[in-house]
Amino acid sequence: MQARSNAPTTGAGASPTRLGGPRAYLVWIAAVLAYSVAVLQRTTMGVAGLEATERFQASATIVSTFVVLQLLVYALAQVPAGLLLDRYGSRVTITAGALLMAAGQLLIASSDTVALAVVARIIVGAGDALTFSSAIRLVPAWFSGSRVPIVTQLTAILGQVGQIASAVPFVAVLTLSGWSTAFGAAAGVSGAAALLAVLVIRATPPGTPRPRTKQDLRRIPLLVGRIIRHPATQLGFFTHLSSGFPGIVFSMMWGYPYLTAGEGLSRPAASAVMTVLVAVGIISGPVIGALTQRHPLRRSTLVLLVIATILVPLVTVLLWPGPAPIWLLLVLVAGLSIGGPGSNIGFDFPRTDLARHRLGTATGVVLMGGFLAALVSILLIGMLLDLQRPDGNYDLASFRVAFAVQIPILLLGITGMLISRRRLRRRMAAGGRVVPPWREVFRGGRWRRI
């Protein structure tokens, strides 16, 4: 039986809908803009961490709890978000996510109590959870399979422009006009992203039926369990965990305070370093995407090399006598930045071995890896800082002790990668052949579904 083409068709006997044309890029750009706005909303509390301690008269542990809860909601909402994505498509979920984030930022703009701030960040986390997986789900729908790894990397990396927006213009508005104006402006940007999604984004090309999944609610736990148990999903989970969480910790919460209060950099210098975090990712993302496309059977090895670019500079900075030189800080930030594209390889493992109509749920499971590890790290770092310096006057020594908690989590992720990789290779060998990453899996006289 012939393997069917990846290109969608408009119906029986119809010619394939062209993938990767101008309409595809228009939809993709709108999704990238929506994701970049989500990154802006996600990272605003990180660059406003010191201001938050003053506004809410709270310790570092309490302020870090804002971000931890946001990340916790983001991580735990990934599977429900994936199920919603499989059911309703990217246009609905991206729009809903942008509106939720706008509401959360408006609430925090007007809040002056810890309780309201916590609720606001939970709402932001819920909206954020709907966005990235929805954006990358559009890529295999609108582009040919051979282009998917590179376009996926570009989606993730270009979305990080939102981090530059939080580190530079958002910080400028926060400094000049205050808390309420800055967070209110962020909410307005999110509202504009929702409008753009409604007008431009479509789940599939014109004339292409979108696969819909209608699940019996009683079977959803069974379905999710089968997806989680699949070694491709597990390898993606640990890949995202190992490569992704240090950069999330640095960008979302503790990087800016570490550079200013710990290393003694000025605010403009710290903002410039945070900008490098995005710039290196923009350069490295397409390279890693191309390597993933050309060497699909070496993807996990590439991830392990990426993890080394994070672990080695991190250990060096922690052991450096006195403040680290600027070149070493830039090397550290570059490694953290490369970790972002490295973590995106995690989405490629389920894409090449799971049925397409389950990719939303599987992508959500993979995303949980980095963000669960990040929220644990953020909370532990805040607790260790407060234990060492209850007065809130954090110094370099206290930051280094706190940052060291990331090392055992990295080692745990590497171990999980090696175990799940071995299981996946055994599964592939049992199937009798290696499946190229741009083809659906056809075995036993039918298309594989789980």
Every listed condition ((1) out of contact with any Leu (no Cβ under 9 Å at 6 or more places or on another chain); (2) buried (at least 23 other Cβ atoms within 10 Å of the Cβ); (3) at pLDDT 85 or above) holds for L354 save (3)
Among the residues of the stretch 125-144, which ones are open to solvent by less than 10 Å² (accessible area, probe 1.4 Å), of a type in the set (G, A, S) and out of contact with any Gly (no Cβ under 6 Å at 6 or more places or on another chain)? G125, A129, S134, A135
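Listed here are the residues, each with its yes/no results for (1) farther than 27 Å from L412 by Cα; (2) in a helix (DSSP H, G or I); (3) among the aromatic types (F, W, Y); (4) touching a residue at least 60 places away in the same chain (Cβ under 8 Å).
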| position | (1), (2), (3), (4) |
| --- | --- |
| S243 | no, yes, no, yes |
| Y258 | no, yes, yes, yes |
| P268 | yes, yes, no, no |
| I307 | no, yes, no, yes |
Just the residues that are loosely packed, with under 15 Cβ neighbours inside 10 Å and under 24 Å from A261 (Cβ atoms), please, taken from the stretch 404-421. I407
Inspect all residues belonging to the stretch 422-440 and state whether any of them is surrounded by 17 or more Cβ atoms within 10 Å (Cβ to Cβ), at pLDDT below 50 and in contact with a strand residue (DSSP E or B) (Cβ under 8 Å, 6 or more places away or on another chain). yes
Can you confirm whether the stretch 75-89 contains a residue that is in a loop (DSSP other than H, G, I, E, B) and more than 18 Å from the chain's Cα centre (by Cα)? yes
Please find, among V333, V401, the residue that is in contact with a Leu (Cβ under 8 Å, 6 or more places away or on another chain), crowded, with 20+ Cβ neighbours inside 10 Å and modelled with pLDDT of 90 or more. V333
Quick test for you: out of G244, G281, pick the one residue that is buried (at least 20 other Cβ atoms within 10 Å of the Cβ) and touching a Pro at 6+ places or on another chain (Cβ under 8 Å). G281
Search result, residues across the stretch 69-126 that are in contact with an Asp or Glu (Cβ under 8 Å, 6 or more places away or on another chain) and either of a type outside the set (A, V, I, L, M, F, W, C) or farther than 25 Å from L195 by Cβ (or both): Q70, Y74, G97
If I ask for residues that are β-branched (V, I, T) and modelled with pLDDT of 90 or more, which ones from the stretch 90-138 would you list? V92, T93, I94, T95, I108, V119, I122, I123, V124, T131
Positions within the stretch 75-100 being open to solvent by 10 Å² or more (accessible area, probe 1.4 Å) and in contact with a Ser or Thr (Cβ under 7 Å, 6 or more places away or on another chain), in sequence order: V79, L83, L84, R87
Mind checking which residues of the stretch 226-241 are over 21 Å from I338 (Cα atoms) and either in a helix (DSSP H, G or I) or of a type in the set (D, E) (or both)? R226, I227, I228, R229, P231, A232, T233, Q234
Go through the stretch 101-119 and report how many residues are in contact (Cβ under 8 Å) with a residue 24 or more places away in the chain, surrounded by fewer than 23 Cβ atoms within 10 Å (Cβ to Cβ) and outside any loop (DSSP other than H, G, I, E, B). 6
Go through the stretch 112-140 and report how many residues are among the aliphatic types (A, V, I, L, M) and within 18 Å of E54 (Cβ to Cβ). 6
Reported set for the stretch 48-74 where residues are open to solvent by 10 Å² or more (accessible area, probe 1.4 Å) and in contact with a Pro (Cβ under 9 Å, 6 or more places away or on another chain) is L50, S59
Can you tell which of A167, A182, A186, A203 is open to solvent by less than 50 Å² (accessible area, probe 1.4 Å), under 24 Å from V276 (Cα atoms) and at pLDDT below 90? A167
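The values are calculated or read from the model by the stated rules, or taken from the named source; none is laboratory data. Computed from a prediction, not measured in an experiment: that's the story for all the values here. Glycine gets a Cβ as well: all are built from the backbone with ideal geometry, and neighbour counts include every protein chain shown. Ligands, DNA and RNA are excluded from the accessible area calculation, which covers all protein heavy atoms including side chains. Shrake-Rupley method; radii C 1.70, N 1.55, O 1.52, S 1.80 Å.
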